[in-house]
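So the structure is just underneath, and the comments pick up after that.
The values are calculated or read from the model by the stated rules, or taken from the named source; none is laboratory data. No experiment lies behind these values; they were computed from the predicted model shown. All Cβ positions, even for glycine, are placed from backbone atoms using ideal geometry, and neighbour counts span all protein chains on display.
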Amino acid sequence: MTRYFITFLMAVLFSFSTASANIGEDGLHKQDWFSTSFRDIADDISEATQEGKRLVIIFEQRGCIYCRAMHEKIFSDPEVADYIKANFKVIQYNMFGDEEVTDTDGEVLTEKTAARKWGYIFTPTLVFLPESAESGKQVSEIAVSTMPGAFGKWTFLNMFKWVKEKGYQGDEHFQKYHARIISELREAGKLPPAQ
């Protein structure tokens, strides 16, 4: 009886530990597949492109319940995490951080002044960047898409897919793309019918 109880207790504790994300010294939730860089964004875009990936900057802040939910519910889903890891280079920024950042227009800022300059006020905010930096323009001017706030799995994953497929260059707005993908998943029996 005791052996079964210990086994059960270990299984419960393991399930809690795998559901929670690691928290760094800066108080932000971390994924082991996030990239580190010298925060020269033009260089980061170039490196991501050379790796066959796209650059995404994620702004987060200490104590953000939506950031925690993104890490624990969305990034913990293997379908989401595997897709992002295969196709994107993700660099985390602290909305109120003091690390030095070089904007694509050459201006040197801190993370918090960059967020303010680019107009990002929500956490999490995901900034999807192009395959090359346009000279003289800042991040907010060259971003191909921005996702402010936390969303459910399919909205989140579909935004990454839409960017990867360069949907922003076509006529199908993200909302229509997302609706079409959800409809296709329902028709294939991979999602429950709409109610």
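In table form, for the structure just shown:
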{"quantity": "Residue in segment 66-80 that is at pLDDT 95 or above, closer than 29 Å to residue 165 by Cβ, in contact with a Phe, Trp or Tyr (Cβ under 6 Å, 6 or more places away or on another chain) and among the aliphatic types (A, V, I, L, M) present", "calculated": "yes"}
{"quantity": "Among the residues listed as 89, 190, 117, 112, the single one being over 24 Å from residue 52 (Cα atoms), among the basic types (Lys, Arg) and not in a helix (DSSP H, G or I)", "calculated": "190"}
{"quantity": "Lone unmet requirement of (1) surrounded by 13 or more Cβ atoms within 10 Å (Cβ to Cβ); (2) free of Cβ contacts under 8 Å to residues at least 60 places away in the same chain; (3) of a type in the set (Gly, Ala, Ser) for residue 150", "calculated": "(2)"}
{"quantity": "Qualifying residue in segment 119-129 (condition: free of Cβ contacts under 8 Å to residues at least 24 places away in the same chain, small (Gly, Ala, Ser) and closer than 29 Å to residue 184 by Cα)", "calculated": "no"}
{"quantity": "Subset of segment 92-134 (residues that are crowded, with 18+ Cβ neighbours inside 10 Å, of a type in the set (A, V, I, L, M) and either more than 19 Å from the chain's Cα centre (by Cα) or over 20 Å from residue 152 (Cα atoms) (or both))", "calculated": "95, 101, 109, 114, 115, 129, 133"}
{"quantity": "First in segment 156-184 and among the charged types (D, E, K, R), second anywhere and in a helix (DSSP H, G or I) and at pLDDT 95 or above, Cβ under 7 Å, 6 or more apart", "calculated": "164/87"}
{"quantity": "Odd one out for residue 109 among (1) hydrophobic (A, V, I, L, M, F, W, C); (2) farther than 21 Å from residue 23 by Cα; (3) in contact (Cβ under 8 Å) with a residue 12 or more places away in the chain; (4) touching a helix residue (DSSP H, G or I) at 6+ places or on another chain (Cβ under 9 Å)", "calculated": "(3)"}
{"quantity": "Residue within segment 144-152 that is of a type outside the set (Val, Ile, Thr) and in a helix (DSSP H, G or I) present", "calculated": "no"}
{"quantity": "Hey, residue 188 among the aliphatic types (A, V, I, L, M), more than 29 Å from residue 65 (Cβ to Cβ) and surrounded by 13 or more Cβ atoms within 10 Å (Cβ to Cβ) or not", "calculated": "no"}
{"quantity": "Criterion (modelled with pLDDT of 95 or more, more than 22 Å from residue 105 (Cβ to Cβ) and among the acidic types (Asp, Glu)) met by exactly one of 165, 141, 131", "calculated": "165"}
{"quantity": "Per-region count, segment 61-75, residues of a type in the set (Lys, Arg), out of contact with any helix residue (DSSP H, G or I) (no Cβ under 9 Å at 6 or more places or on another chain) and in a helix (DSSP H, G or I)", "calculated": "1"}
{"quantity": "The listed residue being part of a loop (DSSP other than H, G, I, E, B) and out of contact with any strand residue (DSSP E or B) (no Cβ under 8 Å at 6 or more places or on another chain), out of 106, 97", "calculated": "106"}
